[in-house]
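Asks: The structure's right below; bear with me while I get my questions together.
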Amino acid sequence: MLTKEAVLHVLGGIEDPELRKSFTELDMVKFVDIAGSDVTVGITLTVPSCPLKEKIVSDIIEGVKLIEGVDSVKVEFDVMTNEQREKLKQKLGMVSPESQTPVSINKFAKRFIAVSSGKGGVGKSTVAANLAVAMAKKGYKVGVLDADVYGFSIPRMLGVTGQPTAIDDKLIPLRKGDNLQIMSMGFFVGEDEPVIWRGPLLHKAIVQFLSDVMWDDLDFLFLDLPPGTGDVTLTIAQQIPSAEILVITTPQQTAVHVAGRVARLAEKTDLSVLGVIENMSYYEVNGERDYIFGKDGGKLLAEELKTKFFGEIPLMKSLREGADSGNPVAIDGTEDQISLFAGIAEAIATSTP
Ligand SMILES: Nc1ncnc2c1ncn2[C@@H]1O[C@H](COP(=O)(O)OP(=O)(O)OP(=O)(O)O)[C@@H](O)[C@H]1O
Ligand SMILES: [Mg+2]
């Protein structure tokens with residue numbers, strides 16, 4: 001039957017497409033007006049330029065129309081006052097009500113996994129992107145923070161574009177599917193534009209990505225680090241002492257040697273080392289494995305560091321292609337590829353920090 005309660009009940013089952021909580025839960029329903037068989041719903045938006053207005057309208061019309069006795073549904077928009085926005089931020093856990101200070105950045109994720117390597121180009125970003133989608137597919141709530149501010153590559157690899165919405169000084173991460181949240185410098189500058197920040201600004205950018213992004217209750221946050229043991233790693237160590245370092249290396253002796261440096265940095269900064277993944281381990285043709293970059297370097301590194309070895313990822317053309325086109329093989333690839341990344345993702349998810 002068409003009553004205000006029935007409409008509110010329906011609105012309680014429709015989520016804001018960005019904040020992923022229902023309109024009633026977010027106190028975004030301004031009014032419900034019923035005139036005969038015509039319903040008008042007033043929704044208070046967080047920001048006037050909400051990019052997903054159309055989706056909100058169609059979701060509400062679709063839902064409310066199902067109520068018996070409804071002929072037409074209209075949606076009208078208004079914008080939150082500062083006070084309402086403050087309340088919303090509290091509700092989303094961005095500020096604690098008593099102190100009005102941001103909640104500790106260590107609270108929004110259960111575990112922080114910093115994907116690192118001694119040198120560039122060994123596949124950190126590719127592995128991070130694929131592990132993140134594999135984990136999200138398993139039902140974990142996963143974030144990916146592209147901490148490579150100069151050389152960001154996560155948006156392209158995950159096939160996610162757009163500008164994050166800002167609610168005052170808080171940014172809403174972009175999403176891929178229900179379980180994956182993403183933040184990258186790449187959402188703010190063009191792919192070919194240089195980012196020319198130096199130390200202190202870089203530090204600030206990373207801190208902001210941790211503290212001013214409305215990460216929504218993550219099980220895991222993957223931090224895709226720039227190569228080497230530079231400032232960003234130190235910032236992470238300072239900001240998130242509980243972060244675990246996942247070392248990516250190729251099997252070569254020299255690569256292993258530099259990867260070892262990351263691990264020693266971890267020791268110095270008191271970060272723990274979660275384990276090692278060897279990437280570009282071999283190239284397989286007709287069932288024959290060619291160990292182009294040598295063999296077992298990753299395993300040996302893990303032994304030396306007394307940490308876990310999570311496995312080998314072979315050289316695969318389609319892995320590169322999937323990364324270039326935004327279709328990670330961990331979800332869009334062959335069965336073997338999907339199960340390879342699912343296996344490593346599960347091993348990480350069930351590992352003890
Ligand atoms: N196992 C693999 N098989 C084939 N290509 C791969 C593999 N791993 C990574 N690549 C490709 O190698 C290139 C470098 O990978 P990626 O950008 O992930 O490395 P990175 O360590 O993040 O680099 P950077 O240090 O610049 O951040 C990319 O083009 C990627 O698609
Ligand atoms: Mg990278």
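A short reminder: the numbers here are calculations on the coordinates, not readings from a lab. Predicted, not measured: the structure shown is a model, and the values here were computed from it. Positions of Cβ are backbone-derived with ideal geometry, glycine not excepted, and every protein chain shown enters the neighbour counts.
Asks: Can you list the lysines whose alpha carbon is less than 19 Å from that of residue 308, not counting same-chain residues fewer than 8 positions off?
Replies: 124, 295, 299
Asks: Would you please give the FRET efficiency between residue 138 and residue 242, computed as 1/(1 + (r/R0)^6) with r the Cβ-Cβ distance and R0 = 35 Å, to the nearest 0.05?
Replies: 0.95
Asks: Take the alpha-carbon centre of the range 330-353, take the same for the range 111-185, and report the distance between them in whole Å.
Replies: Comparing the Cα centres of the range 330-353 and the range 111-185, I get a distance of 16 Å.
Asks: Restricting attention to the range 115-178, which chymotrypsin sites (Phe, Trp or Tyr not before Pro) occupy a DSSP loop and are surrounded by at most 16 other Cβ atoms within 10 Å?
Replies: Passing sites in the range 115-178 are 150.
Asks: Report, to two decimal places, the Cα Rg of the range 113-272 normalised by 2.2 N^0.38 Å (N = number of residues).
Replies: 0.99
Asks: I would also like to ask the following. DSSP loop (so not H, G, I, E, B), at most 10 other Cβ within 10 Å: list which trypsin sites (Lys or Arg not before Pro) in the range 298-353 pass both filters.
Replies: 306
Asks: Once you list every other residue whose beta carbon is under 14 Å from the beta carbon of residue 127, what net charge do they have if Lys and Arg are +1 and Asp and Glu are -1?
Replies: -3
Asks: Then there's this: For the range 174-191, in order, what is each residue's ³J(HN,Hα) by Karplus, 6.51 cos²θ - 1.76 cosθ + 1.60 with θ = phi - 60°, in whole Hz (x at glycine and Pro)?
Replies: 6, 10, 10, x, 7, 9, 10, 10, 9, 9, 8, 4, x, 6, 10, 10, x, 4
Asks: Which of the listed residues, 184, 142, 172, is farthest toward the dipole's positive end in the range 108-223, when Lys, Arg count +1 and Asp, Glu count -1 at the beta-carbon?
Replies: Highest projection toward the positive end goes to 142.
Asks: Next up: Looking at 132, 36, 88, which one has the Cα that reaches farthest to the positive end of the dipole of the chain (charges on Cβ: Lys, Arg +1; Asp, Glu -1)?
Replies: About the Cα centre, the residue reaching furthest to the positive side is 132.
Asks: Now a separate question. Label 7 Å along Cα→Cβ of residue 20; the range 312-334 residues with amide nitrogen under 13 Å?
Replies: none
Asks: Residue 163 label point, 7 Å along Cα→Cβ, cut-off 13 Å on backbone N: hits in the range 4-42?
Replies: Hits in the range 4-42 for residue 163 at 13 Å: none.
Asks: So what is the orientation-averaged projected area of the range 130-180, using the convex hull of its C-alpha atoms, in nm²?
Replies: 4.0 nm²
Asks: Turning to a different aspect of this structure: Can you work out D for the chain in µm² s⁻¹ from Stokes-Einstein, where Rh is the Kirkwood radius over C-alpha pairs, the temperature is 4 °C and the viscosity is 1.567 mPa s?
Replies: Taking Rh from Cα pairs, D becomes 59 µm²/s.
Asks: Kindly identify the range 296-353 as rounded, prolate or oblate by the Cα gyration tensor criterion: order the square roots of the eigenvalues as a ≥ b ≥ c, call it rounded if a/c is under 1.5, otherwise compare a/b with b/c, prolate if a/b is larger, else oblate.
Replies: Prolate, since a/c reaches 1.5 and a/b exceeds b/c.
Asks: If you look at just the Cα atoms of the range 241-301, how large are its Rg and its Dmax in Å?
Replies: Reported Rg and Dmax, both Å: 13.5, 46.
Asks: Could you derive backbone 3J(HN,Hα) for the range 165-170 from the dihedral phi with the Karplus parameters 6.51, -1.76 and 1.60 (θ = phi - 60°), listing whole Hz in sequence and x where the residue is Gly or Pro?
Replies: Values per residue, Gly and Pro as x: 6, 10, 9, 6, 9, 10 Hz.
Asks: Out of residues 5 or more away from residue 79 or on other chains, whose amide H comes under 5 Å of its own, with H placed 1.01 Å from N in the peptide plane?
Replies: Amide H neighbours of residue 79: 45.
Asks: Based on the alpha-carbon gyration tensor of the range 4-91 and its eigenvalue square roots a ≥ b ≥ c, which shape applies: rounded if a/c is under 1.5, prolate if not and a/b is larger than b/c, or oblate?
Replies: In terms of gyration-tensor shape, prolate.
Asks: Return the subset of 4/137; 4/53; 4/55 for which the Cα-Cα distance in this structure is over 31 Å, preserving the input order.
Replies: 4/137
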